[in-house]
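Presented below is the structure to which this report refers.
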Amino acid sequence: MATGALPLVRLIEQFERLPGVGKKSAQRLAFHILDMPAEKAADFANTILEAREKIKKCSVCQNLTDSETCPICQNTHRDKSTICVVENPQDILAFERTKEYNGVYHVLHGLISPMNGVGPDQLAIKELLARIGTEEVAEVIMATNPTVEGEATATYLARLIKPMNIRTTRLAYGIPVGGNLEYADEVTLYRALEGRNEM
């Protein structure tokens, strides 16, 4: 970005940095912001700053929350003996839409990917293992996406958990290889949960 670039150009460039936003979408969003009344634009900007400042990782499951622990971990009616391991917080939203899963979650915040320089130490794996060691866990469901990285991560975790004598299962996918849980419908996710397999 050139120094002294026009504010409109800079705004478009910022929107282009967002995942899934191309040049035309970035332009549309920028012009939409410029069409907003000043107070609405200020409210939008303040909401972004507030979310960035207040949202952090849950101390238990690593989900995003604005308190020490997320609402799912705080819920005494959830089955704490079953932990569903997911790649990102968006995957939790997908499972919660099914209204069929009553266990708790653990968010890794990524997948093992040596090609992209992501190793096990950069994920929330030690937090998961610490949890399993201190809580009454009977089953860990590997719900990473059915990609090469997702399978590698699930296999790696299963090898770490097996010696702890905890049942480790993998979702039975009705989801295509290379697909994302975030975009799966409720029925597909429910069937995947029901048909999970031991690892």
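The values are calculated or read from the model by the stated rules, or taken from the named source; none is laboratory data. All of these numbers come straight from a predicted model, not from anything done at the bench. Note that each Cβ is placed from the backbone with ideal geometry, even for glycine, and that neighbours are counted across all protein chains shown. Just the protein is used for accessible areas: all its heavy atoms, side chains included, with ligands, DNA and RNA removed. Shrake-Rupley method; radii C 1.70, N 1.55, O 1.52, S 1.80 Å.
Of all residues in segment 1-36, which are open to solvent by less than 60 Å² (accessible area, probe 1.4 Å) and within 29 Å of Asp66 (Cβ to Cβ)? Passing the criteria: Leu11, Phe15, Val21, Ser25, Ala26, Ala30, Ile33, Met36.
Could we say that Ala94 is out of contact with any Lys or Arg (no Cβ under 8 Å at 6 or more places or on another chain), among the small types (Gly, Ala, Ser) and either surrounded by 17 or more Cβ atoms within 10 Å (Cβ to Cβ) or part of a loop (DSSP other than H, G, I, E, B) (or both) here?
Values: out of contact with any Lys or Arg (no Cβ under 8 Å at 6 or more places or on another chain): yes; among the small types (Gly, Ala, Ser): yes; either surrounded by 17 or more Cβ atoms within 10 Å (Cβ to Cβ) or part of a loop (DSSP other than H, G, I, E, B) (or both): yes.
Yes; evaluated as a whole, the condition is true for this residue.
In the condition set (1) buried (at least 20 other Cβ atoms within 10 Å of the Cβ); (2) touching a Ser or Thr at 6+ places or on another chain (Cβ under 9 Å); (3) of a type outside the set (D, E, K, R), Ile83 is compliant with all but (2). Screening segment 132-144 for residues that are modelled with pLDDT under 90 and assigned to a helix (DSSP H, G or I) and picking the one that is most open to solvent (accessible area, probe 1.4 Å) gives Thr134.
Pairs are defined by a Cβ separation below 6 Å, a sequence spacing of at least 6 or placement on different chains, a first member in segment 17-29 that is without any contact (Cβ under 8 Å) to a residue 60 or more places away in the chain, and a second member that is surrounded by 14 or more Cβ atoms within 10 Å (Cβ to Cβ); the pairs so defined are Val21/Phe15; Ala26/Ile12; Ala26/Phe15; Ala26/Glu16; Gln27/Ile12; Leu29/Phe15.
For segment 175-187, the candidate set comprises residues that are part of a helix (DSSP H, G or I) and modelled with pLDDT of 70 or more; within that set, the residue that is least open to solvent (accessible area, probe 1.4 Å) is Leu181.
Thr147 meets all of the listed conditions (1) surrounded by fewer than 17 Cβ atoms within 10 Å (Cβ to Cβ); (2) of a type in the set (Val, Ile, Thr); (3) in contact with a Cys (Cβ under 9 Å, 6 or more places away or on another chain) but one, namely (3). For segment 52-97, the set of residues classified as in contact with an Asp or Glu (Cβ under 9 Å, 6 or more places away or on another chain), over 25 Å from Tyr183 (Cα atoms) and charged (D, E, K, R) consists of Lys54, Lys80, listed by residue number.
Restricting to segment 151-174, what's the tally of residues that are out of contact with any Asp or Glu (no Cβ under 9 Å at 6 or more places or on another chain) and in a helix (DSSP H, G or I)? Full working, then the answer.
So in segment 151-174, the residues out of contact with any Asp or Glu (no Cβ under 9 Å at 6 or more places or on another chain) come out as 151-152, 154-165, 171, 173-174.
Within this subset, residues satisfying the condition of being in a helix (DSSP H, G or I) are 151-152, 154-164.
Qualifying residue count for the region: 13.
If the condition is being open to solvent by 60 Å² or more (accessible area, probe 1.4 Å), in contact (Cβ under 8 Å) with a residue 12 or more places away in the chain and part of a helix (DSSP H, G or I), then segment 47-80 contributes only Lys54.
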